[in-house]
Each structure stands twice: as structure tokens, then as C-alpha cells.
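Only one structure is covered here, and it is reproduced in the block below.
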Amino acid sequence: MEFILPTINTAFIILSAIFMGVGLHHIRYRRIEQHERWMKLAALAALIFFIGYVSKTVFIGSTQFGGPENLVPFYVTFLISHIILSTTGGVLGAYQLYTGIKRKLTIHRRVGPVAAIIWFLTAITGIMVYALLYVIYPGGSTAGLFDAIFH
């Protein structure tokens with residue numbers, strides 16, 4: 001179970017990036033309705049990821065890096081950069097969803113390219129974190145929030 005949930009979560013982040021790429025393709029050719037549909041799907045996939053990630057973190061725990069000790073500082077630095085990107089990308093994504101729905105298109109067009117780049121970088125670094133924790137190296141120990149509090 002500790003491996004399945006992160007795999008499902010990572011699949012949703014990949015889907016979110018793919019859906020966003022399709023949405024960007026449609027807006028390039030001024031296909032507004034298709035753009036909206038695909039971007040909403042991208043936001044939904046990202047939201048499902050977020051709910052799954054938070055649930056896994058609270059109930060199962062965060063997986064510690066299981067690689068060699070000499071790589072821990074590099075992993076932690078990489079993880080922090082991913083967290084900063086994902087937080088920024090999530091906020092910008094929500095803002096883009098809002099500006100698109102409310103038809104505030106001047107700001108939507110201005111922020112869109114930056115938000116897209118950050119979200120693609122978030123997806124790529126998220127896949128890399130998954131690979132480092134579950135594919136390349138064996139996952140380390142985990143402790144859920146409730147276990148840590150009540151045991």
C-alpha cells in the first residue's frame with residue numbers, strides 16, 4: 001500500500017501535465033472551448049493528486065529517502081526546490097483557473113506562460129522525487145501523522 005498510493009498520485013500529476021499540454025495546444029489555435037475543457041481536466045487531475053498526497057501523508061506518512069547517506073543533502077535540496085515549485089504552481093494554477101473562468105483574459109494571458117512552465121517543472125520534479133523514493137532507491141521508513149501523535 002505504501003508504494004501503490006504514491007504511484008497513483010504520480011499518475012495523476014502526469015495526467016495533469018498531459019492535459020495541460022493538450023489545453024495549451026488548443027489555445028494556440030484559438031480553440032477556446034477545447035482549451036477550457038482540457039485545462040479544467042488538468043486542474044481536476046492536480047486536485048485529485050493533492051487530495052491523495054495529503055491523505056497519504058496524514059494517514060500513512062512521508063517516505064524517507066532510502067538512498068546513500070552522501071546523497072541526502074542533494075535529495076533534500078532537490079525536494080525543497082520541488083516543494084517551492086509545486087506550491088507556486090498550485091497557487092498560480094488556481095489563479096489561472098479563476099482568471100479564465102471570470103474572463104479576466106488580459107492577466108490570464110500574461111500569467112499563463114509562467115504558470116505553465118512552473119507546472120511542467122513541478123510535474124517533472126515530482127516524477128523525479130517519486131523515482132528517487134520508490135524506483136531507484138528503496139523507500140525509507142514512514143510514520144503517519146496520527147501514528148506520530150497517538151503512539
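When the test is whether a residue is over 15 Å from the mean Cα position of the chain (by Cα) and in contact (Cβ under 8 Å) with a residue 60 or more places away in the chain, residue 126 does not pass it.
Got a number for residues in region 2-28 being among the charged types (D, E, K, R) and either at pLDDT below 95 or buried (at least 18 other Cβ atoms within 10 Å of the Cβ) (or both)? Of the residues in that region, 1 qualify.
Looking at region 45-150, the helices (runs of 4 or more DSSP H) lying wholly inside it that each contain 3 or more residues that are of a type in the set (Ser, Thr, Tyr) sit at 72-101, 105-130. Residue 83 meets each of the listed conditions (1) open to solvent by less than 60 Å² (accessible area, probe 1.4 Å); (2) over 21 Å from residue 18 (Cβ atoms) apart from (1).
The set of residues in region 16-56 that are under 14 Å from the mean Cα position of the chain (by Cα) and closer than 16 Å to residue 118 by Cα comprises 16, 17, 18, 19, 20, 42, 43, 46. Of all the criteria given as (1) open to solvent by less than 50 Å² (accessible area, probe 1.4 Å); (2) of a type outside the set (A, V, I, L, M); (3) free of Cβ contacts under 8 Å to residues at least 24 places away in the same chain, the one not satisfied by residue 31 is (1).
Taking first residues from region 55-73 that are over 18 Å from residue 3 (Cβ atoms) and partners that are assigned to a loop (DSSP other than H, G, I, E, B), the Cβ contacts under 7 Å between residues at least 6 apart in sequence or on separate chains come to 72/65. Scoring residue 100 on the criteria (1) surrounded by fewer than 16 Cβ atoms within 10 Å (Cβ to Cβ); (2) small (Gly, Ala, Ser); (3) in contact (Cβ under 8 Å) with a residue 60 or more places away in the chain leaves a single failure, condition (1).
The values are calculated or read from the model by the stated rules, or taken from the named source; none is laboratory data. Small disclaimer: the values here were computed from a predicted structure and weren't measured. Positions of Cβ are backbone-derived with ideal geometry, glycine not excepted, and every protein chain shown enters the neighbour counts. The protein model used for the area step is the full one, side chains on, heavy atoms only, and it has no ligands, DNA or RNA in it. Shrake-Rupley method; radii C 1.70, N 1.55, O 1.52, S 1.80 Å.
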